[in-house]
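Undergrad: Structure below; questions to follow.
The values are calculated or read from the model by the stated rules, or taken from the named source; none is laboratory data. Nothing here was measured: the structure is a model prediction, and the numbers come from that model. Note: ideal-geometry Cβ built from the backbone for every residue, glycine included; neighbour counts use all protein chains shown.
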Amino acid sequence: MSRYRRIMRFFGRVMVSVLAWDVLLPRVGLGFLSRRTRAARMRRIAVGYRALAVRMGGVLIKVGQFLSSRLDVMPREITSELAGLQDEVGAETFEAIRREVETEFGGPLLSRFCEFDPVPMASASIGQVHRARLCTDPGGELPPPVVVKVQRPGIQAIVEADLAAVRTVGGWLQRFRSVRRHADVAALIEEFSRSLYEELDYIHEGKNAEQFAANFAARPDVVVPGVIWSHTTRRVLTLQDVGAIKITDYAAIEAAGIRRGEVATRLLEVYLKQVFEDAFFHADPHPGNLFVLPAADAPGARRGGWKLVFVDFGMTGTLSPDAFAGLRECLLAFGTRDAPRLVRAFQRLQVLLPGADLDLLERACRRLFDTLWGKSTREMLRMSTAEFRGFMDEFGELLYEMPFQVPENLILLGRCVSILAGMATGLDRDFNLWQGMAPHVQRLMEMESGSGWRLALKELGDIARVLLALPKRADELLTRVDQGRVDIRMPEMRQHFQRLEHSVRKLGGAIVFAAGLVAGTNLYLGGHLEIALGFAAAEVALLVWILFGR
């Protein structure tokens, strides 16, 4: 319970600060102070959370990584600070790890592993990894080295306590309209909890690894360590040791004669296949889970080929048929600079809030294509502030409203894309997303053109349905016009009128309050205490409405 209380104390202080600065001050006319200090306050909150997560480990690190990908909900100052949060915490003692392994296998450690390095090669919030070697076969051959992933002692109780705190804080967040309209917090927490409990089951992780390996069986340039099932349980996972270079070890990659730009390009291409062909993807691509393996048969260190290595399949994503089809539409829209198709893909994926201005969104997508199309990461970073200012001036209302919500079934993919973007940029500042997408888009377009008669039939069917429904819809429209029930929906205009109406009401209330204050004071000075007290009660109620009424 002490762990739960520490987490709740931190979030309690954060909620009090947010309520005071971002809710109360704007209601008393001091919103300029809130806006002026907001960036620094959000950054302090993120720094404090990051320190707490690193100190306590457990679920908090994974929650921080999850929040860093929620650009649609969280302030930029928080997402940027948490983006570099790595799942690396202090290691457990070797004796504790030994007890876990011996409990799982029901015997001494050295009866299962002839060698077991007491110093971990990696340590994360759920478990840690040690190098080891299986016992010698009767034939006398020395078995190859393996890596053994062992869960931390008591991690199940830690996860349950942390998730209880996260659910409580989620209930608080659900009360904020700005958060509630962009995300179903309870559903997101349940999705996060489900994926976390899957990570605690190493049998499930082993099966995920085998499915991923089967999907890339025809790709010798992608490696997945094999699972040693004879030495694997729900809490201990034993894998082949591939001994590769960490994908962020740029010096070692270059020393092996591997071009970093090629690594970034292949990384993107492999993920495009996972998402748009397999509908099953590795959802935790942080630097500790991706490696570069120089080819063993290379004639020289600077001439050899290389392979991309994936490890840790505790967190994977599977796309539903609707999400799969919608994402393919998104990719084709990006590849062909088709803004209307992109908006339709957003609708199919259900990522747009009700009432979103589709015409304005389409214009914004078209403008982004015109501005960013074909540019590398370095060229995007060099773009002048005037270009971004022009975009803000034209689409400021759209950005203010942020009409996007990310369904829980796409959360893992959103987090994955966010991490990959930073990783590709780190590998190659000249990385060009558009060039990397082009071959895959071309293949998808060829697949579409190969089934041209099906597309033609689909288009004809859509046109027929529209034509058949047209007379009925025209009749409904004429009936509504005749009855004076035509509703012209203009989101921007409606929002401006609502804000203006709200301000006028508050101004009227302030005038009445001032008049009542003068009248009550005169009645009090004139000796009419009962009537003055009645005025005072009414004034208090009116003041509360002025400050807090919506």
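Undergrad: How do the pairs read when you match residues in the range 25-44 that are farther than 24 Å from Leu67 by Cα with residues anywhere that are of a type in the set (Phe, Trp, Tyr) and at pLDDT below 80, using Cβ under 8 Å and keeping only pairs 6 or more apart or on different chains?
TA: Arg27/Phe548
Undergrad: If only one of Arg44, Arg76, Arg13 is among the basic types (Lys, Arg) and closer than 21 Å to Gln174 by Cβ, which one is it?
TA: On inspection, the qualifying residue turns out to be Arg13.
Undergrad: Identify, by number, the condition in (1) β-branched (Val, Ile, Thr); (2) outside the structural domain of Arg98 (by TED's automatic domain parsing); (3) loosely packed, with under 15 Cβ neighbours inside 10 Å that Ile203 doesn't meet.
TA: (2)
Undergrad: If you check every pair at least six apart or on different chains, which have Cβ atoms under 6 Å apart with a residue in the range 515-531 that is over 18 Å from Leu543 (Cβ atoms) first and a residue that is surrounded by fewer than 13 Cβ atoms within 10 Å (Cβ to Cβ) and of a type in the set (Ser, Thr, Tyr) second?
TA: Pairs found: none.
Undergrad: Moving to a separate point now. If Asp312 satisfies every condition in (1) of a type outside the set (Val, Ile, Thr); (2) part of a loop (DSSP other than H, G, I, E, B); (3) modelled with pLDDT of 90 or more; (4) surrounded by fewer than 18 Cβ atoms within 10 Å (Cβ to Cβ) but one, which is the exception?
TA: Status for Asp312: all satisfied but (4).
Undergrad: Quick check, is Glu92 assigned to a helix (DSSP H, G or I) and under 35 Å from the mean Cα position of the chain (by Cα)?
TA: no
Undergrad: Right, another one. Just need a number here: residues in the range 337-357 that are at pLDDT 85 or above and of a type in the set (A, V, I, L, M, F, W, C).
TA: Going through the range 337-357 one residue at a time, the tally reaches 6.
Undergrad: With respect to the numbered conditions (1) β-branched (Val, Ile, Thr); (2) under 35 Å from the mean Cα position of the chain (by Cα); (3) modelled with pLDDT under 95, which one is the sole condition not fulfilled by Thr136?
TA: (2)
Undergrad: Hey, does the range 143-156 have a residue that's part of a helix (DSSP H, G or I) and modelled with pLDDT under 80?
TA: No; the residues of the range 143-156 include none that is part of a helix (DSSP H, G or I) and modelled with pLDDT under 80.
Undergrad: Can I ask one more? Just one of the numbered conditions (1) within 29 Å of the chain's Cα centre (by Cα); (2) closer than 25 Å to Thr318 by Cβ is not true of Asp249; which one?
TA: Among (1) within 29 Å of the chain's Cα centre (by Cα); (2) closer than 25 Å to Thr318 by Cβ, Asp249 violates only (2).
Undergrad: Counting only residues that are outside any helix (DSSP H, G or I), modelled with pLDDT of 90 or more and out of contact with any Ser or Thr (no Cβ under 9 Å at 6 or more places or on another chain), how many does the range 260-309 have?
TA: 8
Undergrad: Does the range 129-143 contain at least one residue that is under 20 Å from Gly58 (Cα atoms), surrounded by 19 or more Cβ atoms within 10 Å (Cβ to Cβ) and among the hydrophobic types (A, V, I, L, M, F, W, C)?
TA: Yes, the range 129-143 has at least one match.
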